[in-house]
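Peer 1: Quick one: structure below, then a few questions.
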Amino acid sequence: MGKLILLRHGQSTWNLENKFTGWIDVPLTKLGEEEARRAGQHLKGIKIDKAYTSVLTRAIETLNIALVAAGQAGVPTEFDKAINERMYGDLQGLDKAETAKKFGDEQVKIWRRSYDIAPPNGESLKDTAARALPYFCEKILPDVKAGLNVLVSAHGNSLRAIVMELDNLTKEQVLELNIPTQFIYGNGDLAMLAQLQAASPGDVKYWGSSSGGPLPEPYGELFRWTAQQVREYQDVLASWPLTTTVEIDGLGKVLFCHATPRNETEIVTRLTPEERLAPVFAGVDASVVVCGHTHMQFDRLVGGLRVVNAGSVGMPFGTTGADWLMLGPGIDLRKTNYDTTAAAEIFRRTEYPMVEEMAVRYILNPPTEQELFAAWASTEV
């Protein structure tokens, strides 16, 4: 028996724009290419005998990049639309807000969460399985049983159908299956849940602030508006843990948290004295901790523990551009510059409250490090 390796494609341009993609053929983003490259690095040492992919560019690009990164370019490959993504019909090309406006929140939730109800002119998950599973059983599985190591580069829903067959999942179980992305909660997520769970605005007790106090208006309105945008996902937000730990080649155990391993609002910067941080990180079973919260990149030691802040993609402090982090086998703090003026104009066309103060300002002219260190002096760990 050979190995079967299932690979979901990296981030596409429409994933980034939060649109239903389905059978629309869009490429990977730069981040998607990095994700594919990282996946390929994990495949080093495993000889891939054959590959299968859909006929959609994002899956094909993911496969090719991963094979190059694994040092195995040129593996015999079969392409077939049977393992294409679920076809979303009339929803394709719409973002979540447009979709809810056109069809209503409840109807969209039914289409997305049910097993056998399809959107207009589209497929249900059941329909997707009806084409993907026969192809898997007739083409891919015999290769694995013949001793070949097979790599399948496909999509969330077509891969769900394959895993449903392999793990003998019920239709209820497969709806809960994610191919996988891990999440943790931060202060913003809990603040949205507090808004959604309160009987009235005056009952909100948690605002995600380091001081623990409520935010003055008009910031309260901003929070209420944002909470409504994620209303259908409140059960998902409530399920996320404070921390998660992942084994990463070259680094060992890496613990991810929003602020610190013990809570989501503590402020830690590159200047925070180590003696204050020792009790915060005491007992952490990891070689590296990755945090965020302050939106500023740093890489420092607390005792023998390496603590890294990835910065912020959407709202970096002290700098413009998108800050992020590449892990494995080393630690690489990165920045991606983009057209900030064009991004600001996109925000201005939305209904986001306080768009100039809370979005455009941080894209075009974020506060300096010195301003933020002064502002956090009384609340820092």
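The values are calculated or read from the model by the stated rules, or taken from the named source; none is laboratory data. Just so we're clear, the structure is a prediction, and the values are computed from it rather than from any experiment. Every residue, glycine as well, gets a Cβ built from its backbone with ideal geometry; the counts of neighbours run over all protein chains shown.
Peer 1: If I ask for residues that are in a loop (DSSP other than H, G, I, E, B) and surrounded by 13 or more Cβ atoms within 10 Å (Cβ to Cβ), which ones from the stretch 352-365 would you list?
Peer 2: Within the stretch 352-365, Tyr352, Pro353, Met354 qualify.
Peer 1: Taking Asp285 as the residue in question, decide whether it is in a loop (DSSP other than H, G, I, E, B) and charged (D, E, K, R).
Peer 2: yes
Peer 1: For the stretch 26-121, which helices (runs of 4 or more DSSP H) that fit wholly inside it have 1 or more residues that are of a type in the set (Lys, Arg) and out of contact with any strand residue (DSSP E or B) (no Cβ under 8 Å at 6 or more places or on another chain)?
Peer 2: Of the helices (runs of 4 or more DSSP H) lying wholly inside the stretch 26-121, those with at least 1 residues that are of a type in the set (Lys, Arg) and out of contact with any strand residue (DSSP E or B) (no Cβ under 8 Å at 6 or more places or on another chain) span 30-42, 96-103, 105-113.
Peer 1: What's the number of the condition Leu277 fails, among (1) touching a residue at least 24 places away in the same chain (Cβ under 8 Å); (2) part of a loop (DSSP other than H, G, I, E, B)?
Peer 2: (2)
Peer 1: Is there any pair with a first residue in the stretch 340-351 that is in a loop (DSSP other than H, G, I, E, B) and a second that is surrounded by 10 or more Cβ atoms within 10 Å (Cβ to Cβ) whose Cβ atoms are under 8 Å apart and which are 6 or more apart or on different chains, and what are they?
Peer 2: Filtered contacts from the stretch 340-351: Glu351/Trp225.
Peer 1: Shifting gears a bit: List pairs: first in the stretch 60-87 and touching a residue at least 24 places away in the same chain (Cβ under 8 Å) and more than 20 Å from Thr21 (Cβ to Cβ), second part of a strand (DSSP E or B) and not basic (Lys, Arg), Cβ under 6 Å, 6+ apart or cross-chain?
Peer 2: What qualifies is Val75/Ala51; Thr77/Ala51; Glu78/Tyr52.
Peer 1: Oh, and also: Being assigned to a loop (DSSP other than H, G, I, E, B), free of Cβ contacts under 8 Å to residues at least 12 places away in the same chain and either within 25 Å of the chain's Cα centre (by Cα) or within 26 Å of Ala69 (Cβ to Cβ) (or both) is true for just one of Leu148, Leu169. Which residue is that?
Peer 2: Leu169
Peer 1: Scan the stretch 219-236 residue by residue and report those that are assigned to a helix (DSSP H, G or I), among the aliphatic types (A, V, I, L, M) and at pLDDT 85 or above.
Peer 2: Leu222, Ala227
Peer 1: Still on this structure: From Val280, Val289, which residue is farther than 21 Å from Asp323 by Cα, at pLDDT 95 or above and of a type in the set (Val, Ile, Thr)?
Peer 2: Val280
Peer 1: Find the residue count for the stretch 122-134, including only residues that are surrounded by 16 or more Cβ atoms within 10 Å (Cβ to Cβ) and either free of Cβ contacts under 8 Å to residues at least 12 places away in the same chain or in a loop (DSSP other than H, G, I, E, B) (or both).
Peer 2: Total meeting the criteria: 3.
Peer 1: Then there's this: Looking only at the stretch 1-23, count how many residues are of a type in the set (A, V, I, L, M, F, W, C), surrounded by 16 or more Cβ atoms within 10 Å (Cβ to Cβ) and not in a strand (DSSP E or B).
Peer 2: Result for the stretch 1-23: 3.
Peer 1: For the list (1) in contact (Cβ under 8 Å) with a residue 24 or more places away in the chain; (2) in the same structural domain as Tyr88 (by TED's automatic domain parsing); (3) loosely packed, with under 15 Cβ neighbours inside 10 Å, I need the number of the one condition that Pro142 fails.
Peer 2: (1)
Peer 1: Moving on to the next point. Give the residues of the stretch 52-74 that are touching a helix residue (DSSP H, G or I) at 6+ places or on another chain (Cβ under 6 Å) and crowded, with 18+ Cβ neighbours inside 10 Å, sorted by residue number.
Peer 2: Selection gives Tyr52, Thr53, Ser54, Thr62, Ile65, Ala66, Ala69, Ala70.
Peer 1: So, one more: Here's a check for you: in the stretch 366-381, which residue that is closer than 22 Å to Phe223 by Cα and part of a loop (DSSP other than H, G, I, E, B) is modelled with the lowest pLDDT?
Peer 2: Residue satisfying both the conditions and the ranking: Thr379.
Peer 1: Please pick out the residue among Val288, Val302, Val284, Val308 that is in contact with a helix residue (DSSP H, G or I) (Cβ under 7 Å, 6 or more places away or on another chain) and more than 25 Å from Leu193 (Cβ to Cβ).
Peer 2: Val302
Peer 1: Determine, yes or no, whether Leu151 is modelled with pLDDT under 95 and either within 20 Å of Gly89 (Cβ to Cβ) or surrounded by 19 or more Cβ atoms within 10 Å (Cβ to Cβ) (or both).
Peer 2: So Leu151 does not fit the description; no.
Peer 1: Of the conditions (1) over 30 Å from Thr319 (Cβ atoms); (2) at pLDDT below 85, Asp203 satisfies every one except a single condition; which number is it?
Peer 2: Result: Asp203 fails condition (2) only.
Peer 1: Here is a follow-up. Considering the stretch 230-259 alone, what residues qualify as being small (Gly, Ala, Ser) and touching a Pro at 6+ places or on another chain (Cβ under 7 Å)?
Peer 2: The one that is small (Gly, Ala, Ser) and touching a Pro at 6+ places or on another chain (Cβ under 7 Å): Gly250.
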